[in-house]
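For reference, the structure discussed in these notes is given below.
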Amino acid sequence: MSVADVNLLRKQPLLSARSQSGSFWNEYTETMPREQLNELHLKRLQALLRYAYDRVPFYHELYKEAGLAPEDIRTLDDFNRYVPTIDKKDLVKAQSADPPWGDSVALSPDYYLYHFQTSGSTGTPLKIPFSLHTQLQYGEQWAYLYWGVGIRPHDSFYFAFPWGMYTGFWSAYWGVRCLGATVISGGGLNSEQRLHQIELLKPTVLVSTPTYALYLAELAKELGIDTSETAIKYTIHAGEPGPGIPTTRQAIEVAWGAKAYELYGVGEAGAIAPGCPDQQGCHFGEDQGYATVLDSSGNPVGPGEVGENVITSYIQMAQPVIKYRTHDLVRAHYDVCSCGRTWLLYEGGVLGRTDDMITIKGTNVYPAAIEYLLSDVPGLSNHYELHVAPGRLNDEVTVKVEPRPGTPAERYVPMEKDLQAVLKAKIGVTINVEVVEPSSLPRYELKAKRFFDHRAKKA
Ligand SMILES: [Zn+2]
C-alpha cells in the first residue's frame, strides 16, 4: 500500500459529502423551494407523531389529554395549532418520576451510544440519551457548516475545551468524522499548553466558545505569540451568542486572522442551525427538524419579528423532542438567503433567552441587543456584563464594559456617555453604563456569564 493510499484511508469520511463541489453539503435539501420543504415537513411530522404516540408513554398521555390522535394532523397548520408544546421541565419531571430515564424515551438503554446531560444551570440537569443514528445525524449538522464555509478533509481541527457531559462539542467532533478531517484535542490542557500545541501542530480550524477564542488570543499576546500569524484560517463557535454579533465577530477575526462562524445548537434536539457561510446568522437545518417562532402567548410571530424558538427534531429518536420550547429568542426570515440556502435564517443567531429578557417601561430588552450596540462606540471591547437591580419605579439596568487595551483613562467618562446615548436612541430606555478597567471582568472557558439578576425572586 502506498503512502497516498494510507492517507486516503485515514481521511475516509464516515458519511460522504454529497455535493463534492460548491458550498453545499447537500444542495438538494439546502436549496429546496419552500413549498417542497413544507411537504417534506408534513410527512416527517406525521411519521414522528405516530412514532412517539406508539412508543413513548409521555407523548401518548399528553396527546390523549389534548384529545389528539396522530391521524388528526393533516396539514402543517393542524400541527402548529393543535399539537401541545413541551418544555425541558416536562422531560425533567418525567425522568425524576422514574429515574433515570422516565417514560419519555422511545428506545431501551441497549440502543444508547452516549449518555449526555444539560448543565443544570437552570435547575435539575436533563439526561439526554443518544443512539448511534442520532449521534451521526447531530454530527452531520456540523458537517453542513464545515463544508459550507469551505473547510475540506485536508483541514485539521483544534478542539480547545474540556470534553464534558454536554453534547455540543462531542457532536462537533462527529461532524469532523463525517467530513473526514483531522482532530487535535486540547482537552485536559491549560490555555498556555493549548497555544503551544496550536503553534506546533498548525491546525487550520479552531473550535471553541467565542469568549474563549478571545481569551486565548489575549493570553497569547502576553506570552508573545501572535495568534493572527498561526495556521488557523477558520474559527467555529457554539455555546453562546458571538459571531452573530458584528463587534464580537470582528474581534475574533482580527485576533486570529481568520473567518469566524457559529452553530446554534440545542443539546436536547441537535446541532439545529449551522451558521450561514455569508455570516448572516444561522440556517435552521430543515431536513432534520421543524421550527416555529412564537410570542409569549404562543402565537406565531411574523417574519423578522423576535420570538421564542420552538423546535421539533426528526433525528432525536431515543428521546423524541416535539414542539419543544427552547426559550431562545430569535428573529427568523424565510426568504432565499444571499448564500443560496432556502432554510430559514435566524438573523444574528440567538439574540438572548426568554429568562434573560428584562422589561423596562414596557420595552423588552435582551442582553445580545446591548452587545450588538457596543461596536457603535469606538474603543469599547465586547467584554461586558449586564446587571439588573430593582429601582424606585422600574428595574435598573447597568452595563459594565471594558475598553480596548491601551485606551487612556480620561476617555472612560466620554465613552460611558456615548454608549448611554446610543442605548437610549436605539433601545429607547435609559441604561446606566460603567466603563471598567481592561481585563477586570472574568473570562470563561465554556459559557460566559453576562447576565446578573439582583432582583429578589418572586415566590
Ligand atoms: Zn445564508
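Can you find, within the stretch 38-73, the residue that is surrounded by the fewest Cβ atoms within 10 Å (Cβ to Cβ) among those that are free of Cβ contacts under 8 Å to residues at least 12 places away in the same chain and closer than 24 Å to Leu344 by Cβ? Among those that are free of Cβ contacts under 8 Å to residues at least 12 places away in the same chain and closer than 24 Å to Leu344 by Cβ, it is Lys43.
A quick yes/no check of all residues on (1) open to solvent by 50 Å² or more (accessible area, probe 1.4 Å); (2) under 30 Å from Leu195 (Cβ atoms); (3) in the same structural domain as Arg194 (by TED's automatic domain parsing):
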site: Pro390; (1), (2), (3): yes, no, no
site: Leu419; (1), (2), (3): no, no, no
site: Leu423; (1), (2), (3): no, no, no
site: Ile431; (1), (2), (3): no, no, no
site: Ala448; (1), (2), (3): no, yes, no
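Among the residues of the stretch 140-154, some residue qualifies, meaning at least one is more than 16 Å from Thr204 (Cα to Cα), open to solvent by less than 40 Å² (accessible area, probe 1.4 Å) and out of contact with any strand residue (DSSP E or B) (no Cβ under 6 Å at 6 or more places or on another chain).
Looking across the stretch 74-119 at every residue that is open to solvent by 70 Å² or more (accessible area, probe 1.4 Å) and of a type in the set (Phe, Trp, Tyr), the one that is farthest from Gln46 (Cα to Cα) is identified as Tyr111. Annotation: Gln137 fulfils all but one of (1) surrounded by fewer than 24 Cβ atoms within 10 Å (Cβ to Cβ); (2) part of a helix (DSSP H, G or I); the unmet one is (1). Just wondering, is there one or more residues in the stretch 322-343 that are in contact with a Cys (Cβ under 7 Å, 6 or more places away or on another chain), within 10 Å of the ligand (Cβ to nearest atom) and part of a strand (DSSP E or B)? Among the residues of the stretch 322-343, not one is in contact with a Cys (Cβ under 7 Å, 6 or more places away or on another chain), within 10 Å of the ligand (Cβ to nearest atom) and part of a strand (DSSP E or B), which makes the answer no.
Screening Tyr384, Tyr346, Tyr372 for residues that are within 16 Å of the ligand (Cβ to nearest atom), touching a residue at least 60 places away in the same chain (Cβ under 8 Å), at negative phi and outside any loop (DSSP other than H, G, I, E, B) leaves exactly one candidate, Tyr346. Comparison of Val401, Val377 shows that the only residue that is buried (at least 20 other Cβ atoms within 10 Å of the Cβ), away from the ligand (no atom under 16 Å from the Cβ) and part of a strand (DSSP E or B) is Val401.
Every test in (1) in a helix (DSSP H, G or I); (2) open to solvent by 40 Å² or more (accessible area, probe 1.4 Å) is passed by Pro442 save one, and that test is (1). For Tyr261, the criteria (1) more than 15 Å from the chain's Cα centre (by Cα); (2) modelled with pLDDT of 95 or more hold in every case but one, which is (1).
Restricting the stretch 165-190 to residues that are in contact with a Phe, Trp or Tyr (Cβ under 9 Å, 6 or more places away or on another chain) and assigned to a loop (DSSP other than H, G, I, E, B), which is farthest from Gln117 (Cα to Cα)? The selected residue is Ala181.
Residues of the stretch 95-116 being more than 22 Å from Tyr290 (Cβ to Cβ) and touching a residue at least 24 places away in the same chain (Cβ under 8 Å), which ones? Write out each step before concluding.
To start, the set of residues in the stretch 95-116 that are more than 22 Å from Tyr290 (Cβ to Cβ) comprises 95-103, 108-116.
Across the stretch 95-116, the qualifying residues are Gln95, Ser96, Pro100, Trp101, Gly102, Asp103, Tyr111, Tyr112, Tyr114, Phe116.
Here Ser313 clears all of (1) among the small types (Gly, Ala, Ser); (2) touching an Asp or Glu at 6+ places or on another chain (Cβ under 7 Å); (3) crowded, with 19+ Cβ neighbours inside 10 Å except the condition numbered (2).
Across the stretch 168-186, which residue is nearest to Ser156 (Cα to Cα) among those that are open to solvent by less than 10 Å² (accessible area, probe 1.4 Å) and in contact (Cβ under 8 Å) with a residue 60 or more places away in the chain? Reasoning before the result, please.
Taking the stretch 168-186 as the starting set, the residues that turn out to be open to solvent by less than 10 Å² (accessible area, probe 1.4 Å) are 171-172, 175-176, 178-181, 186.
Filter once more, so that each one left must be in contact (Cβ under 8 Å) with a residue 60 or more places away in the chain: 171-172, 175, 178-181.
Numbers: Ser171: 16, Ala172: 13, Gly175: 12, Cys178: 13, Leu179: 11, Gly180: 10, Ala181: 6 Å.
Ranking the candidates gives Ala181 first.
Residues satisfying the criterion are present in the stretch 286-301 (criterion: within 16 Å of the ligand (Cβ to nearest atom), open to solvent by less than 10 Å² (accessible area, probe 1.4 Å), touching a residue at least 40 places away in the same chain (Cβ under 8 Å) and in a loop (DSSP other than H, G, I, E, B)).
With respect to (1) touching a helix residue (DSSP H, G or I) at 6+ places or on another chain (Cβ under 8 Å); (2) within 16 Å of the ligand (Cβ to nearest atom); (3) at pLDDT below 95, the lone exception for Gln280 is condition (1).
The values are calculated or read from the model by the stated rules, or taken from the named source; none is laboratory data. Everything quoted here is computed from the prediction, not taken from an experiment. Don't worry about glycine lacking a Cβ; one is built from the backbone with ideal geometry, like all the others, and counts go over all protein chains shown. Surface accessibility is based on the protein's heavy atoms, side chains included, excluding ligands, DNA and RNA. Shrake-Rupley method; radii C 1.70, N 1.55, O 1.52, S 1.80 Å.
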